[in-house]
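Here the structure is laid out as structure tokens; the discussion comes afterwards.
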Amino acid sequence: MSPMTWSPDEATLAAFRHLALQNAIEYEGKAAPGSVIGRLMGSRADLRPHGKIISPLIAKAVAEANAMATSEGLDALRAILEIEAPHLLEKREKQERRVGLPELKNAEKGKVVLRFAPNPNGPMSFGHARGIVINGEYAKEWEGELILRFDDTDTVVKPPLPHAYQEIENEATSLLGFAPHRVVIASDQIPHYYEHAERMLNAGFGYVCQCSGEAFKVFRVEKNECPCRQNSSSLNMELWNKMLDGTFNPGDAVVRVKTDMTLKNPALRDWPALRMQDTENHPHPRPSIGSKYRVWPLLDFQSAVEDHLQGVTHIIRGKDLMDSTRKQTLLYQHFGWTYPETMYWGRVKVHEWGGFSTSQMRRDIEAGMFTGWDDPRLPTLSALTRRGITAEALRAFWIELGVTQKDISVPLSALFSHNTKQIDDGAPRLSFIRSPQSFELHGEHPEQVEVDVHPNHPKMGQRVFDLNGTALWIEQEDVMKGNLRLKGFADVAIEGSNATVESIERQDQRPIVHWLTNAQSKDGTLIVAKDGELLEFNGQMERHNYPEGTMVQLERIGYGRVLDATTILFSHA
């Protein structure tokens, strides 16, 4: 059955409900969809392809569990599990370390050195946050150091973006909660890479190869040695100098690491370490570098040498880089170095986002498809920050997922649930009426209504609505429901363009809707990023004087970030 036609059976729906109840018990009536989904997907691999269908079902089960905890108490939840799923009530073993993060092997307090190494061809994306958060957590745990290293040695395929260096450093500091202990820029380290290349050539475990890429591919596939492999050290140094002085052109020669041409993995056979780049036509964007160097290290060589130079003890990265570990281990053996402890994580796919890459986003921005790196439709950290996603929520999200080599598929609601915990307590309530319809208010009612700015914090003040001689605004969609309960005010009967007060106290189960008075509202706009589109909804915005950047909760809509007095950027429900 395809993921699109799949639907859960009764037993699976019961499992959703039981996990939601368990989570609500553990977190005292504040279960989070993301936590439940993470636990479910960790134990039920068969459900992972159906995340889009499961996500709203889990959200519903969590909402019902939290509501029951509020109305009936946690004992009522325990009573259900005792009958239906007693195994979920077994005491969960307390973890001494943060949830999701395994022990760091061979680590010693104060001596752990980790690194996060982005390519500065654009600011950081959502995926980059995983690297900075996980490495940062371990650095804090072990009182060690975290290096921010810019791998900026490709000026042709992934040319660095000048402003990205500072932006990435700022984003890293925000996510970590502290500044990186060291900042290293690879393009500043070229002399060190040259030194190690020459040591390799002189020691005989590297050579300058003049074969074409296609010719060497044949040698690699057939497990035959390239003729250049037999070069003497003196010939290799002569050819190396020709790479440096301009005698050779890009593509004429590369420096290779000698391994074994019969190794099972073809990628490891005499892999390339340094090559020439056309820096005349593709100069490095940093003025201090520009066209200064013709020969540049490839990432596996550059990263391996730099890790050694900086004393890196532990490397934590994606499992797609396992071949890099294998290549670099072979190089370390040549140099007589000890390779760092290494951990891997699998891929995390977010349902709502397709396949984004920094390079593609940069091309799309330059083509005018997006307004910039902070366009709310993009999965960049600047876009998420603009939408009001906090650094604390991102940290909690990635720590909860932990370090596992399993590929994981999660909905954005998992991140949003963490963000709600961070912002809800301080978010003032505000009304926005989409597709507003005007009504004249009739019947007996007070002259004004006062509603708490925040239901849990009376000290935040009151929202005052003057009801004398003013029209009401109600969403057109709500009007179709018939008689209504205006939230915090009264039961009203809707007829034509009139809203007649029937009772100040609630008398029945008519729908509760949000509303505004004409006097307390003005024309406003709600901007929503959805399905790759940037949508604008015009309506009536409650008057306020919150400064730009304030996070608010729009009644019955969700959370948003104030852009100005009449514009709010939707964050999430």
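Just so you know, all these numbers are worked out from the coordinates, no wet-lab data involved. Please read all numbers here as calculations on a predicted model, not as lab measurements. In this analysis, Cβ positions are derived from the backbone assuming ideal geometry, glycine residues included, and neighbour counts consider all displayed protein chains.
Odds and ends about this structure:
- Set of lysines with alpha-carbon distance to LYS319 below 20 Å, sequence-local pairs under 8 removed: LYS105, LYS264, LYS327, LYS349, LYS406
- Projected area averaged over orientations for the range 343-455, convex hull of C-alpha atoms, nm²: 11.5
- Residues of the range 409-443 with amide N under 17 Å of the 7 Å Cα→Cβ point at ASN483: 442-443
- Estimated distance in nm for a label pair at MET369 and ALA45, the labels positioned 7 Å out from Cα along Cα-to-Cβ: 3.5
- Reachable lysines from LYS60, criterion Cα separation under 17 angstrom, eight or more residues apart if same chain: LYS30, LYS52
- Dimensionless Rg ratio for the range 190-298, taking C-alpha atoms and the 2.2 N^0.38 Å reference: 1.08
- Modelled spin labels at SER497 and ALA79, positioned 7 Å past Cα toward Cβ, are 5.4 nm from each other.
- The ellipsoid equivalent to the alpha-carbon distribution of the range 9-118 has semi-axes of 31, 18, 13 angstrom, derived from the gyration tensor eigenvalues as √(5λ) and listed largest first.
- Centroid-to-centroid, using Cα positions, the range 112-176 and the range 537-572 are 32 Å apart.
- Just so you know, the Cα atoms of the range 122-233 work out to an Rg and Dmax of 19.7, 53 Å.
- Reduced Cα scattering model of the chain, Debye log10 I(q)/I(0), q = 0.11 Å⁻¹: -1.11
- The Cα trace of the range 180-223 gives Rg and Dmax of 15.9, 47 Å, the first to one decimal, the second as a whole number.
- The listed peptides 441-451, 368-378, 53-63, ordered by packing as a protection proxy, come out as 53-63, 368-378, 441-451 (highest mean of other Cβ atoms within 10 Å first).
- Estimated D of the range 378-419 in µm² per second, where Rh is the Kirkwood radius over Cα pairs and Stokes-Einstein applies at 37 °C, 0.692 mPa s: 298
- Helix 10-26 and the longest principal axis of the Cα set of the chain meet at an angle near 90°.
- Under the combined filter of DSSP loop state and at most 16 neighbouring Cβ atoms within 10 Å, the range 209-248 retains these GluC sites (Glu not before Pro): GLU225.
- Here the gap between LYS217 and ASN518, fully extended at 0.36 nm per residue and compared with their Cα-Cα distance, gives a gain of 101.0 nm.
- Sparse-neighbour loop sites [trypsin sites (Lys or Arg not before Pro); the range 505-546; at most 12 other C-beta within 10 Å; DSSP]: ARG506
- Between LYS264 and ALA471, residue separation times 0.36 nm minus the direct Cα-Cα distance comes to 66.7 nm.
- Taken over the range 281-351, the convex hull of the Cα atoms encloses 153 Å³ per residue.
- Of the three principal axes defined by the Cα atoms of the range 428-573, the extents in descending order read 43, 35, 27 Å.
- Efficiency of FRET between THR338 and ALA179 - r from beta-carbon atoms, R0 25 angstrom, step 0.05: 0.30
- Counting neighbouring Cβ atoms within 10 Å and putting the fewest first, the residues CYS226, CYS209 line up as CYS226, CYS209.
- Peptides 464-473, 400-409 ranked from most to least packed, by the mean per-residue count of other Cβ atoms within 10 Å: 400-409, 464-473.
- Neighbour counting of Cβ atoms within 10 Å sorts the residues GLU171, GLU392, GLU108, GLU145, fewest neighbours leading, into GLU108, GLU392, GLU145, GLU171.
- Inter-centroid distance (Cα atoms) of the range 293-349 relative to the range 510-528, Å: 56
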